[in-house]
Every structure is written in C-alpha cells, then in structure tokens.
Amino acid sequence: MDDGLRTVQSRACAAWLLPGDPTCAGVARRLFRRLASELAVDGELIDDGVTMVSELAANTLHANQRQALTVNPELWLYLRGAPAGVELVCKVFDTLPGWARGNVPSRTILRAPADAMSGRGLEVVNELSNGRWGHHLTKSRLSGSGVRGKAVWFALPAPRAAALNTTAESRPVTAKEAMSELEKDLSSRGFAGRLVRADDPSVDMAVLSIASGLTVWCRSGAAWLRAPGATARQWSYCDLVEVGEQTVQAHEMLLATAGSFPLADATRTRALTKHSTQRATGRLP
C-alpha cells in the first residue's frame, strides 16, 4: 500500500488487480479507505467513497456472472487538478463490452424498480458523488497487452493531498520529459510500436501521434489532446495521467464508432511539428 501512496502522491496512477470473486468489493473498499485516509481526504467523503467503490466493484462481479471477463477487474486511483482544486479519481475497470453501442447508463440515473436485482449501484454513485462520476471505454493497465474494456469512475475533493506531495521535484519540466512519461504510459497499454513521436527542443515542444488525427502535444508546461470531432483540451504537466486517460478514451471511442481508422503517420507528424516550430519562431509568413 505504501508503494501505491507514493505513486499517487507523485501524480502517477496506482493500479491493483481485484479478485474476480465475492471478495472483490471488500478488497476495493480496504484499498480505497487506506489510500484516501493517507491523502487526508475528509472523513465523511472517505465513507462515501468506500460505498461508491464497493458498488462499482460489485458491479464487475455481477457482470462476470452474465459474461466471463477476460481479465480480472482493476482498481485505479490518481490525483488530478491544480493545487486549489485537487481531486482523487477512483476508477474500476472491467472488460464487459457494449456501452459504446447504446447500452450506456444515464448520468441522470433514474431510480431502479423495487424488484430490480441491479441498477441501484450507479444511482448511489450519482448521489454520493454529486454527479462527479462517469464511464468510458479504455484499456487495461495491468494485463500487459492493453486489453480493451471500460472504466466507471467517480471523483472526490482532496485539497490537502497536494501539500502531502514530497516528490514534486520529480515532475516533468520540459516537453521532452513530459512526452516521455506519456509515451511510456501509452506503450504499457498496448500502443507500443504504434506511436510516432517528434521533438523540437529548440522551442520546448514534442508531438506524439497515436492515429490519424489523434495527437498529443506538449509545450512550455502544457499538454493538449487533439482528436477528430472534438475540441482540443489542455492540461498542465501535473495532470499527465489524465492526458493519458483521455487519449486512450478518444482512441477507443474512435474505434468503437468508426470500426477502424489509420495508424499514426510519421511523415505527417514531422510536418506538423515543423509547421508549429516555424509558427513559434516567427518563420512562417
């Protein structure tokens, strides 16, 4: 658990395999409570978080009863946000498919029927998180091969967690360092050998192409994601876990909705970097 705490404090993502049996929810509760307590999350919020992670873990057990999961569920915990608005993000991953094709729980959960065997879990999460929850397609962190699935998440305020971070000096400073961290994370989730990268240290910029139209850019302390059909979003280097999460999500949604799309184009990536460098240095007309 100490390793998990140090991982989260350093603004990386801690991940644990959950058992695929009735002990799943209990293990998730214990892991969440211990880490949230160490991060000085408010006691009442910790209790709410324990209830929510229990519901999410229990849902994976129910899913496994309907359709065998290809890998065990996973619990992910990480911090995101600037110091004044840090929150603890909790995600439970499983490999039950289908949510991208219409069978998606509503964010405005309706009350489950009195005789329902399931459905109350997300109602509870919606209530206790004050709507700070969601779900998205993604890839496993622990399978070693980027197994596809989904994650359901909630977030709780953790304003005192930033003050507990003793490893701030290890955070990326340059675009090259930030992109290397992102590339390592994405490679571990099944993208190894498919990423195309271009760096320009002279203007502190790096570009990583994941697929045609799907790129991550780092420059001067900021990272942003460009995806087809979506508005570009920007984060600071303290939120590289979130950048990676959003990148994987965008990739998986593109695959789910379009069937397939081209892999990264090295020539185009280099051309984009050259163009941006010329703009940054004033060499474009």
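Test of understanding: among R279, R219, R233, which residue is open to solvent by 20 Å² or more (accessible area, probe 1.4 Å) and either at pLDDT below 85 or among the hydrophobic types (A, V, I, L, M, F, W, C) (or both)?
R279
Go through (1) surrounded by 17 or more Cβ atoms within 10 Å (Cβ to Cβ); (2) part of a loop (DSSP other than H, G, I, E, B); (3) not charged (D, E, K, R) one by one and return the number of the condition L56 breaks.
Only one criterion in (1) surrounded by 17 or more Cβ atoms within 10 Å (Cβ to Cβ); (2) part of a loop (DSSP other than H, G, I, E, B); (3) not charged (D, E, K, R) is unmet by L56, namely (2).
Just for segment 20-47: of the residues that are in a loop (DSSP other than H, G, I, E, B) and under 21 Å from the mean Cα position of the chain (by Cα), which one is nearest to W76 (Cα to Cα)?
L39
Quick one: G4 ticks every box in (1) at pLDDT 95 or above; (2) under 18 Å from the mean Cα position of the chain (by Cα) except a single one, so which number is it?
(1)
In the set R160, R141, R194, R171, which member is open to solvent by less than 70 Å² (accessible area, probe 1.4 Å), under 23 Å from K91 (Cβ atoms), touching a residue at least 24 places away in the same chain (Cβ under 8 Å) and of a type in the set (D, E, K, R)?
Of the residues listed, the single one that is open to solvent by less than 70 Å² (accessible area, probe 1.4 Å), under 23 Å from K91 (Cβ atoms), touching a residue at least 24 places away in the same chain (Cβ under 8 Å) and of a type in the set (D, E, K, R) is R141.
List pairs: first in segment 63-83 and assigned to a loop (DSSP other than H, G, I, E, B) and open to solvent by 70 Å² or more (accessible area, probe 1.4 Å), second at pLDDT 95 or above and among the hydroxyl-bearing types (S, T, Y), Cβ under 6 Å, 6+ apart or cross-chain?
none
The values are calculated or read from the model by the stated rules, or taken from the named source; none is laboratory data. Treat the numbers as computed from the prediction; the structure is a model and nothing was measured. Cβ: placed from backbone, ideal geometry, glycine included. Neighbour counts: every protein chain shown. Please note that ligands, DNA and RNA were not included when accessible areas were found on the heavy atoms of the full protein model with its side chains. Shrake-Rupley method; radii C 1.70, N 1.55, O 1.52, S 1.80 Å.
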